[in-house]
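Novice: Before we start, here is the structure in question, set down as C-alpha cells.
The values are calculated or read from the model by the stated rules, or taken from the named source; none is laboratory data. Keep in mind the model is a prediction, meaning the values are calculated, not measured. Here the Cβ is made from the backbone with ideal geometry for all residues, glycine too, and neighbour counts use every protein chain on show. Each accessible area value is taken on the protein alone, full model and side chains, heavy atoms only, with ligands, DNA and RNA left out. Shrake-Rupley method; radii C 1.70, N 1.55, O 1.52, S 1.80 Å.
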Amino acid sequence: MGNGIKLDVSGEEVVAQLLHLATFSDDPNPAVTRIVFTKNDLLARGYVKELMAAAGLKIREDPMGNIFGRWEGSNVSTGAVVTGSHADAIPLAGAYDGTLGVIGPIAAVAALRRAGFRPRAPIDVLMFTSEEPTRFGLGCIGSRGMAGELTAALLDEKLDVNGTSFQAASTAAGYGGASHQEILEGTRIKEGAVAAFVELHIEQGPLLEKEGTQLGIVTAIAAPAALRVFFSGDGGHAGALLMPYRNDAGLAAAEVALAVEAAVLKTGAIDAVGTTGLFEIGPNTVNSVPREAKLEIDIRDINKDRRDAIVASVLKTVEEVAKRRKVRHRVEIINQDAPAICSDKVIAAATEAAEALGGSHKRMVSRAYHDSLFMARFAPTGMIFIPCRGGWSHRPDEFASPADIERGVKALALTLAKLAGS
Ligand code: HGY
Ligand code: MN
Ligand code: MN
Ligand code: MN
C-alpha cells in the first residue's frame, strides 16, 4: 500500500479552497462564524458541492442536510468507505476546524483518481450538518441522526435563540421531509452501508506541534457532557437592598462555575476537563442585584465513569448552593455521551499510510469531540490529526501549514485506498 500510488496533492491549493470557504462568514476575516442553516452556511454548502462535482463525485443530501459525494466502486454492493467532517463554525472561530476534513477528502479523492487508483468499495466524502452546538445547543446533530440516536421530538425541541427549531430551520434550508419519522429514517445509516469511517482534522491541541510529530492517529475520542443550569432570585436595588436580604442568582452561578473547576481538579486526572463556557446574568446592569443566571457547562474525560462522577458532583453543588442562597434553580442535561474507541483496522490503515509517506506519527486521544464519536457507534472509525499552530482552535488565529495539510491529505488518501481496496 502506498507503493505505486503516486499522489500529487498541492497543500497550497487546499489552503486556497479553505480560505475561500472561510469567506462565507458572519464575521470579518480572519474570524469565521458560520452557524448551521444560516446564509453563510448555505453558501458554504454550495461551494462544497461545487468542489465535489468538480472531483467527479455523485452528490446526495439527506433530510437533515448531511451532504454525501460518492465515488462509485467496482463492487457496488459492499459498504462504503466514508470520510468527512463539518463546515459549520462557532462564533469567531478559524478556517480549519472541520473544514479540513471536508475539503481535504475531496482533494484526496481527486489525487487518487489522477494516480489511476480505482476503489473496489465506494468512497463517500461527507459533510455533516450541525456538528457545533452553537445554534441548537447540541453537538453532532447530523451524525447522531446517522447513528439513530435522535428522537422525532428532538427535531422540534432543539430551538435557537429566536425559538426556531432544528426542524423549521432545516426545512427552510430546503431539507426536511413529509414526516419526522421519514426524516429520521432517511438519515439513519442502514446496517452494513458503511464499511469504515475516517476523519481528517486539526488536533485542536498542542501535543503534535510540541513533540514535532507530523501525524496523529486517534485511538479514542473523549466522552462529552453538557449541562444547562438556571438560577433565579428576587434581585433588587444594588444600593437599598442590604446584604442579609439578598438571594443573588449571579453569585449562585459564580459558585457553581468555580465548583466545576474544583470537581475536575479534585480528580487529579489530566484527561478530565470542565468549562463553564456560557455565563449570563440578568438584568446584567451595575446597580441591580442579579435575579437571573444561566450557565452552560462542558465536562469531558476519556474515562466515562470519572466524567459522570464530576457531573454528579456539580449537580449536587447546584442543589446545595440553591438551598443556601434561597434561589430557585433548574437543570437540563443537554448530553452525556459515551466515549468512542477507534477501530484497529482504521488505526492500522492510517499507520501504514503515515509510514508509506515517511511521516512521523503517534497514537493519541482526541479531547475534542467530532462526528467520528457517533460514526463509531455503528462503523469501524478512526481519525487522522495534523498539527495546528500553538494548538489553538476555536479562535480566528487557528492555523495549519500547507505542508502539514498536504501530508494529512496524502495520509488520508492512502488510508482510503487501503480501506476501499482496488
Ligand atoms: O466541542 C468540540 O469538541 C467540537 O469542536 N464541537
Ligand atoms: Mn469545533
Ligand atoms: Mn471540529
Ligand atoms: Mn433540585
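Novice: Could you check the simple spin-label distance between A153 and T78, using points 7 Å along Cα→Cβ, in nm with one decimal?
Specialist: Modelled inter-label distance: 4.3 nm.
Novice: Here's a follow-up. Taking the C-alpha atoms of the stretch 49-141, how large are the radius of gyration and the largest Cα-Cα span, Dmax, in Å?
Specialist: Reported Rg and Dmax, both Å: 14.2, 44.
Novice: A further question on this structure: In whole Å, what are the Cα extents of the stretch 100-236 along the three principal axes, biggest one first?
Specialist: So the three principal-axis extents are 68, 46, 25 Å.
Novice: How large is ³J(HN,Hα) for each residue in the stretch 117-123, as worked out from phi by the Karplus curve 6.51 cos²θ - 1.76 cosθ + 1.60 (θ = phi - 60°), to whole Hz, x for Gly and Pro?
Specialist: So the J values, rounded to whole Hz, are 6, 10, x, 7, 7, x, 10.
Novice: Let me ask another. At 1.4 Å probe size, with the rest of the protein present, what percent of the exposed accessible area of the chain is carbon and sulfur atoms?
Specialist: Carbon plus sulfur share of accessible area: 55 percent.
Novice: On to the next question. As a test of the definition: which semi-axes, in Å, follow for the chain when you take the square root of five times each eigenvalue of its alpha carbon gyration tensor? Largest first, please.
Specialist: 41, 23, 20
Novice: Pick from R389, R246, R363 the residue whose mean-square fluctuation is largest in a GNM of the chain, springs joining Cα atoms under 10 Å.
Specialist: R246
Novice: Need the full-extension length gain, R60 to I270, defined as separation in residues times 0.36 nm minus the C-alpha distance. One decimal, nm.
Specialist: Going from the current span to full extension adds 71.4 nm.
Novice: By how many nm would the segment from K39 to R118 grow when fully extended, if each residue of separation counts as 0.36 nm and the alpha-carbon distance is taken off?
Specialist: Between K39 and R118, full extension yields an extra 24.8 nm.
Novice: How high is the relative contact order of the stretch 1-114, in percent, with contacts defined as C-alpha pairs under 8 Å that are six or more residues apart?
Specialist: The value is 33 percent.
Novice: Sum -39500 (n - 2.57) across every DSSP H segment of at least 4 residues in the chain, then divide by the residue count to get the 222 nm mean residue ellipticity, nearest 500.
Specialist: My calculation for the chain gives -11000 deg cm²/dmol from helical runs alone.
Novice: Give me the Å³ per residue figure for the convex hull around the C-alpha atoms of the stretch 105-178.
Specialist: Given the Cα convex hull of the stretch 105-178, per-residue volume reads 128 Å³.
Novice: Under 29 Å from the Cα of K294, which lysines turn up, not counting those fewer than eight places away in the same chain?
Specialist: Cross-link targets: K39, K158, K266, K304, K316, K323, K326.
Novice: In addition: Per residue Cα convex hull volume for the stretch 239-352, in cubic angstrom?
Specialist: In the stretch 239-352, the Cα hull volume divided by residue count equals 130 Å³.
Novice: Now a separate question. Over 13 Å apart: what share of the alpha carbon pairs of the stretch 236-304 falls there, rounded to a whole percent?
Specialist: The answer is 67 percent, as a whole percent.
Novice: Here's a follow-up. Please identify every one of the GluC sites (Glu not before Pro) in the stretch 27-124 that sits in a loop by DSSP and has no more than 16 other beta carbons within 10 Å of its own beta carbon.
Specialist: Those satisfying the criteria are E72.
Novice: Relative to the longest principal Cα axis of the chain, at what angle does helix 402-420 sit, 0 to 90 degrees, rounded to 10?
Specialist: 70 degrees
Novice: Counting other C-beta atoms within 10 Å, and keeping those with at most 10, which DSSP coil GluC sites (Glu not before Pro) do you find in the stretch 119-216?
Specialist: Those that pass, being in a loop and sparsely packed, are E191.
Novice: Ok, one more. Using a probe radius of 1.4 Å on heavy atoms only, what accessible surface per residue do you get for the chain? Whole Å² is fine.
Specialist: Using a 1.4 Å probe on heavy atoms only, each residue of the chain averages 41 Å².
Novice: Could you please report the charge total around A354, scoring K, R as +1 and D, E as -1 over all other residues with beta-carbon less than 14 angstrom from its beta-carbon?
Specialist: The answer is +1.
Novice: Helix 249-267: angle to the longest alpha-carbon principal axis of the chain, degrees 0 to 90, nearest 10?
Specialist: Tilt of helix 249-267: around 50 degrees.
Novice: In terms of Cα to Cα distance under 15 Å, which aspartates and glutamates are near enough to K190, apart from those fewer than 8 places away along the same chain?
Specialist: Counting by Cα, and skipping residues close in sequence, K190 has these aspartates and glutamates nearby: D62, D124, E149, E182.
Novice: Moving to a separate point now. Given a cut-off of under 8 Å on Cα pairs at least six residues apart, what relative contact order in percent is computed for the chain?
Specialist: 24 percent
Novice: Same structure again: So what is the diffusion coefficient of the stretch 276-422 in µm² per second by Stokes-Einstein at 25 °C and 0.890 mPa s, using a Kirkwood Rh over Cα pairs?
Specialist: Value of D from the Cα-based Kirkwood radius: 128 µm²/s.
Novice: Where in the stretch 269-307 does the amide nitrogen come within less than 17 Å of the point 7 Å from the Cα of E332, taken along Cα to Cβ?
Specialist: In the stretch 269-307, the label zone of E332 (backbone N under 17 Å from the point 7 Å along Cα→Cβ) covers 277-282, 292-299.
Novice: Shifting gears a bit: Could the peptides 103-114, 328-339, 9-20 be put in order, highest first, of the mean number of other beta-carbon atoms found within 10 Å of their residues?
Specialist: 103-114, 9-20, 328-339
Novice: Find how much the distance from K316 to D234 grows on full extension, using 0.36 nm per residue of separation minus their present alpha carbon separation; answer in nm with one decimal.
Specialist: 27.3 nm
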